[in-house]
1. Within the group Lys75, Lys53, Lys66, which residue is assigned to a loop (DSSP other than H, G, I, E, B), assigned by TED's automatic domain parsing to the domain that holds Lys194 and buried (at least 18 other Cβ atoms within 10 Å of the Cβ)?
2. Condition first: at pLDDT 90 or above, over 27 Å from Ser12 (Cα atoms), in a strand (DSSP E or B) and out of contact with any His (no Cβ under 7 Å at 6 or more places or on another chain). Can you find one or more residues in segment 140-157 that meet it?
3. Condition first: among the acidic types (Asp, Glu) and crowded, with 24+ Cβ neighbours inside 10 Å. Now tell me which residues in segment 102-154 satisfy that.
4. Could you list, in sequence order, all residues of segment 86-139 that are outside any loop (DSSP other than H, G, I, E, B) and of a type in the set (Ser, Thr, Tyr)?
Amino acid sequence: MKAIFHIHSSYSFDGNISPARIIKELEKLGIEFAAITDHETIKGALEAKTIAKLNIIIGAEYTTDKGDIIGLFLKEDVVSGSRKLQIAREVISQIKKQGGIVVLPHPHRGHKLDEELINSVDVIEVYNSRSTKIENQKALELAKRYSKPGIVGSDAHFLQEIPLTEMDFSDSDKSESLQSLKQAILNGDVRIVKTEKSPSYWRILTGFIRLYKTKDPRIIVSWIKKLRGYRIHL
């Protein structure tokens, strides 16, 4: 069964794809499972679940004092849509109390890594389409060093980015259920079948969307700093 993780909808402060458009694209690609993980909220995933025939994993990507933390298989929002900086330890605890999976996304981009953080997560994102080759290589090495299962994420903010990564868990369980996928992820039984890099111009456009939606001029300063060192591939 095909699965794609780490997708942002228009419910993210830097996203512009409606959940309906995401579902249409996923169905066109023949995807059976997908995780929508908007910034600070599960609203996009919940909306997608009401209209999708495929299996939608309820998730969100929360901003914390140690960097972004993704929760999968959530039942309710961890921070109720708040954009305030949260304590990583508390966010992780709340995700686990719901029976969710804690994912450390793009660990070498925007994180303050320490033993407590790494040991407390369930899964490490070993490939992110918006990360550099070196960042992804370090992420894979980190997962191996701490014996953590790995997943890949497209980190899609635009339709064109959605199919950049893909996983398959057909060999792990004959049951096409979210529970079987959850167990496969924790057991490291998900097979990575596709990893492609996102052109950096999508990140530039994402910065403009975030600036437009939040009206915060400080974002453009931060955005320019993050883009230093990236070459635009047309």
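The values are calculated or read from the model by the stated rules, or taken from the named source; none is laboratory data. Quantities reported herein were computed from a predicted structural model and do not represent experimental measurements. Reconstructed Cβ throughout: ideal geometry from the backbone, glycine too, with neighbour counts over all protein chains shown.
1. Details: Lys75 fails: buried (at least 18 other Cβ atoms within 10 Å of the Cβ); Lys53 fails: buried (at least 18 other Cβ atoms within 10 Å of the Cβ).
The conditions single out Lys66.
2. Within segment 140-157, none of the residues are at pLDDT 90 or above, over 27 Å from Ser12 (Cα atoms), in a strand (DSSP E or B) and out of contact with any His (no Cβ under 7 Å at 6 or more places or on another chain).
3. Let us first name the residues in segment 102-154 that are among the acidic types (Asp, Glu), namely 114-116, 122, 125, 135, 141.
Result: Glu125, single match.
4. Quick first cut of segment 86-139, residues outside any loop (DSSP other than H, G, I, E, B) only: 86, 88-97, 101-104, 115-120, 123-128, 133-139.
Those that are outside any loop (DSSP other than H, G, I, E, B) and of a type in the set (Ser, Thr, Tyr): Ser93, Ser120, Tyr127.
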